[in-house]
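*Asks:* Below is a structure I'd like to ask you about.
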Amino acid sequence: MFDPFFIKQLKSPLQKLAWRIDAIGIRANQITFLGFVVGLMSLPALYYQAYGLALLCIVINRLMDGLDGAVARLQGPTDLGGYLDITLDFIFYSGVVFGFVLANPEANAVAAAFLIFAFMGTGSSFLAFAIMAEKRKIERLEYGNKSLYFLGGLTEGAETIVFLVLICLLPNYFVELAYVFGLMCWVTTVTRIYAAYKTLK
């Protein structure tokens with residue numbers, strides 16, 4: 001929902017940093033992989049209930065996720081880059097939720113399962129429409145030069161980042177936050193399916 005706003009605000013600083021990174025020969029996919037590895041380090045941190053460390057890993061992952069796109073736009077977006085970006089993002093998001101199960105299985109397991117169930121809805125409705133949009137040459141220019149068509153919704157990247165930050169800052173409220181965010185994800189899924197139906201029928 002807020003992604004277009006934040007993309008505009010972050011475009012300039014990311015672009016400046018991307019120029020420097022490109023100048024020393026670092027490739028966009030290398031940033032993607034490194035960010036993913038750092039993001040997955042949140043799992044052992046969550047297992048040991050080191051929520052501050054987990055939050056740091058999450059923030060670094062999200063910063064590198066924005067940076068790899070900026071570097072890719074300089075070097076030329078590739079199908080492989082777009083594929084890795086979205087695939088590793090979904091693994092990372094679900095991994096953080098799983099990390100809270102590791103932290104407290106008895107309290108968090110059912111809420112985490114519900115949220116990952118909801119992620120399946122947002123992910124599949126997003127990616128399935130991206131395939132159809134590519135086939136029909138549909139574009140959303142406000143999202144810039146992306147490898148995949150971005151179908152909006154109530155819960156997008158910005159909202160997911162806020163959620164991940166909140167559950168690290170308020171781990172004792174993981175269950176409540178997970179159910180609320182899961183319901184928001186299902187609203188997103190339903191509205192995406194409706195929008196796809198109206199567009200593709």
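The values are calculated or read from the model by the stated rules, or taken from the named source; none is laboratory data. Nothing here was measured: the structure is a model prediction, and the numbers come from that model. Counting neighbours? That spans all protein chains shown, and the Cβs are built from the backbone with ideal geometry, glycine included.
*Asks:* Buried (at least 16 other Cβ atoms within 10 Å of the Cβ) and at pLDDT below 95: is that true of ILE21 in this structure?
*Replies:* Answer is yes for this residue.
*Asks:* Taking into account only those residues within the stretch 79-106 that are of a type in the set (Phe, Trp, Tyr) and modelled with pLDDT under 95, which is surrounded by the fewest Cβ atoms within 10 Å (Cβ to Cβ)?
*Replies:* Only one residue tops the list, namely TYR83.
*Asks:* Give me the residue from the stretch 129-151 that is touching a helix residue (DSSP H, G or I) at 6+ places or on another chain (Cβ under 8 Å) and crowded, with 17+ Cβ neighbours inside 10 Å and, out of that set, modelled with the highest pLDDT.
*Replies:* Out of the qualifying residues, it is PHE129.
*Asks:* Of all residues in the stretch 47-92, count the ones that are of a type in the set (A, V, I, L, M), closer than 30 Å to ASN172 by Cβ and touching a residue at least 40 places away in the same chain (Cβ under 8 Å).
*Replies:* Residues that pass the stated criteria total 6.
*Asks:* Provide a single number: the residues in the stretch 151-181 that are in a helix (DSSP H, G or I) and either among the aromatic types (Phe, Trp, Tyr) or under 10 Å from THR122 (Cβ atoms) (or both).
*Replies:* Within the stretch 151-181, residues that are in a helix (DSSP H, G or I) and either among the aromatic types (Phe, Trp, Tyr) or under 10 Å from THR122 (Cβ atoms) (or both) number 6.
*Asks:* Specify the residue that is surrounded by the fewest Cβ atoms within 10 Å (Cβ to Cβ); the eligible residues are those in the stretch 26-78 that are closer than 22 Å to PHE100 by Cα and among the β-branched types (Val, Ile, Thr).
*Replies:* Checking each candidate, the answer is VAL37.
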